[in-house]
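Engineer: Below is one structure. I have some questions about it.
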């Protein structure tokens, strides 16, 4: 096995020992995934002595970030012979073009392959919500896409499509963290998504990131940032061209206005969202926005009516949502069922609210949606504060101790 002299030179340039490089790689892994890395100086030694010629995608990305060079520039390559490795690491006169390890030519087939994996992650998210496995799978896929970009050549079209997809995928990780209400990780993913979306140059990809930024800001109760993000969504070319995207932007805007106690402005934005939705055609769009159909429009409308204090109208729209929602959107069914229970509790329909909450609980198996769990906790608080001694109420309060 040929020694990896390119990696040794890169480490020497930064004054890194094997132990220090392992420490930095682990720190970079934690920054990217939220999980502490487990590399040791022994792993680095295998990189250096040629025992590991092509590290795992996540390790390659961490190496590239820490050392500031691509994996191939660091002497790694799929299936290189020792002689080719030695030729590629020759520094006296520089490697000749013939001796350089060949770069993979990337095409749209690579984009489609990664996109299929992305769709499976979206489908998992629709089922179980903010489960950590969904977030981790999205982070892993985004890193593989980025690593593929750094170790191959591509046309401008393919390169931008891969950057766009990497941004969409890490946005999915951010949404899983938002649903789990882990705000630090969500923000870290979104910061990365902003960079990748900018590299893609694609308006829809950038809009997608701002959509999640609006949600994350609202969750932190930073309504100034949430309003700014929604305004940014409305200004994107995709929202000006496609009424469906305009509708969702108006809806995010309406939600932040309602949370800011600006009722009349919120209802005007809601009306604009409904008008735009009605103008939207049935054209092919990106997979991530498939969730935004009539039932989601009703659900988001319900949440705005709830925010402005009209709990009866909120209940009406939550019922409409649940009557039309697609069955595969299991997480959303449980979330909107919990919100329906909260609207019922706020109107004094305590026994009905308890029964509805129990329905929501039955849908939570395997879910990581802390948004749903926290909503059920709010239902319990409202019901408990009413002081009812009705048997169904007291029984449910006893069964729901974990939501105190």
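Yes or no, residue by residue, for (1) closer than 20 Å to residue 304 by Cα; (2) modelled with pLDDT under 95; (3) surrounded by 21 or more Cβ atoms within 10 Å (Cβ to Cβ):
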{"position": "199", "(1), (2), (3)": "no, yes, no"}
{"position": "212", "(1), (2), (3)": "yes, no, yes"}
{"position": "220", "(1), (2), (3)": "yes, yes, no"}
{"position": "229", "(1), (2), (3)": "yes, no, yes"}
{"position": "248", "(1), (2), (3)": "yes, no, yes"}
{"position": "252", "(1), (2), (3)": "yes, no, yes"}
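Engineer: So in the stretch 110-164, with the set limited to residues that are farther than 30 Å from residue 73 by Cβ and in a loop (DSSP other than H, G, I, E, B), which one is modelled with the highest pLDDT?
Structural biologist: Checked the stretch 110-164; the qualifying residue modelled with the highest pLDDT is 129.
Engineer: Quickly run through the stretch 171-190 and pick out the residues that are closer than 18 Å to residue 124 by Cα and not in a helix (DSSP H, G or I).
Structural biologist: 180, 181
Engineer: Which of the residues belonging to the stretch 36-54 are over 30 Å from residue 183 (Cβ atoms) and within 33 Å of the chain's Cα centre (by Cα)?
Structural biologist: 40, 41, 43, 44, 47, 52, 53, 54
Engineer: Do we find that residue 168 is assigned to a helix (DSSP H, G or I), free of Cβ contacts under 8 Å to residues at least 40 places away in the same chain, over 17 Å from residue 332 (Cα atoms) and not assigned by TED's automatic domain parsing to the domain that holds residue 336 in this structure?
Structural biologist: The answer is no for residue 168.
Engineer: If you don't mind, another one. In the stretch 1-35, how many are part of a loop (DSSP other than H, G, I, E, B) and under 33 Å from the mean Cα position of the chain (by Cα)?
Structural biologist: The total comes to 2.
Engineer: Shifting gears a bit: When only residues in the stretch 55-75 that are part of a loop (DSSP other than H, G, I, E, B) and modelled with pLDDT of 85 or more count, which is farthest from residue 11 (Cα to Cα)?
Structural biologist: So, considering only residues that are part of a loop (DSSP other than H, G, I, E, B) and modelled with pLDDT of 85 or more, the one farthest from residue 11 (Cα to Cα) is 55.
Engineer: Also: Does residue 340 count as without any contact (Cβ under 8 Å) to a residue 40 or more places away in the chain, touching a helix residue (DSSP H, G or I) at 6+ places or on another chain (Cβ under 6 Å), crowded, with 23+ Cβ neighbours inside 10 Å and not assigned by TED's automatic domain parsing to the domain that holds residue 174?
Structural biologist: yes
Engineer: As an exercise: evaluate residue 371 against (1) surrounded by 15 or more Cβ atoms within 10 Å (Cβ to Cβ); (2) modelled with pLDDT under 95; (3) more than 20 Å from residue 124 (Cα to Cα) and give the number of the one condition it does not meet.
Structural biologist: Single failed check for residue 371: (3).
Engineer: Okay, next question. Inspect the stretch 223-243 for any residue being closer than 29 Å to residue 131 by Cβ, in contact (Cβ under 8 Å) with a residue 40 or more places away in the chain, under 20 Å from the mean Cα position of the chain (by Cα) and assigned to a helix (DSSP H, G or I) and give the result as yes or no.
Structural biologist: Within the stretch 223-243 (the criterion being closer than 29 Å to residue 131 by Cβ, in contact (Cβ under 8 Å) with a residue 40 or more places away in the chain, under 20 Å from the mean Cα position of the chain (by Cα) and assigned to a helix (DSSP H, G or I)), the answer is no, since none of the residues qualifies.
Engineer: Going by the structure shown, is residue 323 outside the structural domain of residue 375 (by TED's automatic domain parsing), more than 16 Å from residue 362 (Cβ to Cβ), surrounded by fewer than 22 Cβ atoms within 10 Å (Cβ to Cβ) and without any contact (Cβ under 8 Å) to a residue 40 or more places away in the chain?
Structural biologist: No; evaluated as a whole, the condition is false for this residue.
Engineer: Moving on. Answer yes if at least one residue in the stretch 346-354 is within 25 Å of residue 329 (Cβ to Cβ), buried (at least 20 other Cβ atoms within 10 Å of the Cβ) and without any contact (Cβ under 8 Å) to a residue 60 or more places away in the chain, and no otherwise.
Structural biologist: The answer is yes, given that some residue of the stretch 346-354 is within 25 Å of residue 329 (Cβ to Cβ), buried (at least 20 other Cβ atoms within 10 Å of the Cβ) and without any contact (Cβ under 8 Å) to a residue 60 or more places away in the chain.
Engineer: Sticking with this structure for a sec: For the stretch 127-148, how many residues are in contact with a helix residue (DSSP H, G or I) (Cβ under 6 Å, 6 or more places away or on another chain) and either buried (at least 20 other Cβ atoms within 10 Å of the Cβ) or under 19 Å from residue 370 (Cα atoms) (or both)?
Structural biologist: 14
Engineer: Then there is this: Which ones in the stretch 383-404 are buried (at least 17 other Cβ atoms within 10 Å of the Cβ), within 14 Å of residue 348 (Cα to Cα) and in contact (Cβ under 8 Å) with a residue 40 or more places away in the chain?
Structural biologist: Across the stretch 383-404, the qualifying residue is only 393.
The values are calculated or read from the model by the stated rules, or taken from the named source; none is laboratory data. Since we're looking at a predicted model, the values are computed, not measured. Glycine also receives a Cβ, built like all others from the backbone with ideal geometry; neighbour counts cover every protein chain displayed.
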